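Accompanying notes for the structure given below.
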């Protein structure tokens, strides 16, 4: 049902405009693909290091966007009883960011590398399920301008990606 709502809302957007929630859902799908690839990587530490690094980069950009743009918009648009979902999302982000930080020193092949990635992926999947099942539908029922928010998300994501590219990728799980 959420998928149909996204398609319907996105289809009614003027050309060139993107629905904020559809953009975030696309990020969710991209990270889920990285999680699945990691699970299928077997015992290849180089491949796992690359996938972990990419997942951490994607999650870092995504959490910044949600915390700077989506969650404040949701706090402003939702009634009091809907704001608990936003507060939970901030806590879940904190926990995922804590695990991402572990990858700054944890190397692929190290004891705990696979377990840390598994726990992070499980937490993110749970977070996505709650966002897409509860928060996003609640936000769609408000007067929040999702097209305007989508423009801000696109601009912020481009800026963050440029900054990440300029700084060079972190060596998450790098074997060297």
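The values are calculated or read from the model by the stated rules, or taken from the named source; none is laboratory data. Everything numeric here is computed off the predicted structure, so don't read it as measured data. Heads up, the Cβs are rebuilt from the backbone with ideal geometry, glycines too, and the neighbour counts pull from every protein chain shown.
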**OP:** Considering each of 149, 95 in turn, give the residue that is within 16 Å of residue 22 (Cβ to Cβ), at pLDDT 95 or above and within 19 Å of the chain's Cα centre (by Cα).
**Re:** 149
**OP:** Sort through 164, 70 and tell me the only one that's within 20 Å of residue 26 (Cβ to Cβ), assigned to a helix (DSSP H, G or I), out of contact with any strand residue (DSSP E or B) (no Cβ under 7 Å at 6 or more places or on another chain) and modelled with pLDDT of 95 or more.
**Re:** 70
**OP:** Would you mind finding the one in 61, 124 that is closer than 28 Å to residue 147 by Cβ, touching a helix residue (DSSP H, G or I) at 6+ places or on another chain (Cβ under 7 Å) and surrounded by 20 or more Cβ atoms within 10 Å (Cβ to Cβ)?
**Re:** 124
Subject >> Members of segment 135-145 found to be within 15 Å of residue 75 (Cβ to Cβ) and assigned to a helix (DSSP H, G or I), listed by number >> reply: 135, 136, 138, 139
Original post:
Looking at segment 103-130, which of the residues that are under 17 Å from residue 37 (Cα atoms) and outside any helix (DSSP H, G or I) is nearest to the chain's Cα centre (by Cα)?
Top reply: 108
Subject >> Any hit, segment 39-52, residues being closer than 21 Å to residue 122 by Cβ, modelled with pLDDT of 95 or more and within 17 Å of the chain's Cα centre (by Cα) >> reply: yes
